[in-house]
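The values are calculated or read from the model by the stated rules, or taken from the named source; none is laboratory data. On a predicted model such as this, the values are computed, not experimentally measured, just so you know. Backbone-built Cβ (ideal geometry, glycine too); neighbour counts: all protein chains shown.
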Amino acid sequence: MLITITGKNLNITDAMRDRTEKKLAVLDKYFANSDTENELLRANVLVKTYSDHQKIEVTVNTPIGLLRAEVKSVDFYAALDLSIDKLEDQIRKQKTRMSRKNREKLSLAFLEEINMMDEEATEKLEPIRTKEIFAEKMDLNNAVMQMEMLNHTFFIYTDSETNEIAVVYKRFDGGYGLLEVEKDTRV
């Protein structure tokens, strides 16, 4: 695994680097039998120090997708252990999902949710931050899997069937929703 460790407001010591590499090496066991065995796993670790705590952000690019954990703790080593636990939980969760054969049922559930969607009035809000993304081409199931792996409430992608931008999102009732772009037919 290729590991990049960066510190903000602190210098990364050799002990911190060794401990991080040792802990992240545990994740290799989950990908040992992968089809992309020759492909290197890449991990980016960002350690930020604040006056009362430290924050560790770990992002790992794997064959099953992007894994991300963010942990705050008073102690660097405790935060590192918690972040590795979170990553292992995400890997187990995604491997379980991938092994299920009910992908078509998930697509049907999306279609039912779309038919039952009701419009809610929203307030106009000013954006706090602007971010540009690349809407990768994939199918609905992969978009849901990516959203879950990133632990986000929505995911923007290019639908492989329609070649249009779409957004999959989590609903408050526990289901999923899908927003598709409709072409303007007005002249």
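Quick grid of which residues meet (1) at pLDDT 90 or above; (2) of a type in the set (F, W, Y):
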| residue | (1), (2) |
| --- | --- |
| I5 | yes, no |
| A15 | yes, no |
| K29 | no, no |
| Y50 | no, yes |
| V74 | yes, no |
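Does F134 satisfy being modelled with pLDDT of 75 or more and within 23 Å of E88 (Cα to Cα)?
The answer is no for F134.
Can you name the residue in region 78-109 that is hydrophobic (A, V, I, L, M, F, W, C) and over 20 Å from the mean Cα position of the chain (by Cα) and, of all such residues, is modelled with the highest pLDDT?
A78
Every residue in region 55-95 that is small (G, A, S), part of a helix (DSSP H, G or I) and within 12 Å of L24 (Cβ to Cβ), please. Give the steps one after another, and end with the answer.
Looking only at region 55-95, we keep the residues that are small (G, A, S), and these are 65, 69, 73, 78-79, 83.
Retained after the next criterion (residues that are part of a helix (DSSP H, G or I)): 78-79, 83.
The answer is S83, and nothing else.
Give just the number: which of (1) under 18 Å from Q90 (Cα atoms); (2) surrounded by 16 or more Cβ atoms within 10 Å (Cβ to Cβ) does D159 not satisfy?
(1)
Hey, can you tell me all the residues within region 137-151 that are surrounded by fewer than 14 Cβ atoms within 10 Å (Cβ to Cβ) and modelled with pLDDT under 90?
Within region 137-151, just N151 meets the criteria.
Would you check if there is a residue in region 153-171 being β-branched (V, I, T) and within 13 Å of the chain's Cα centre (by Cα)?
Checking region 153-171: at least one residue is β-branched (V, I, T) and within 13 Å of the chain's Cα centre (by Cα).
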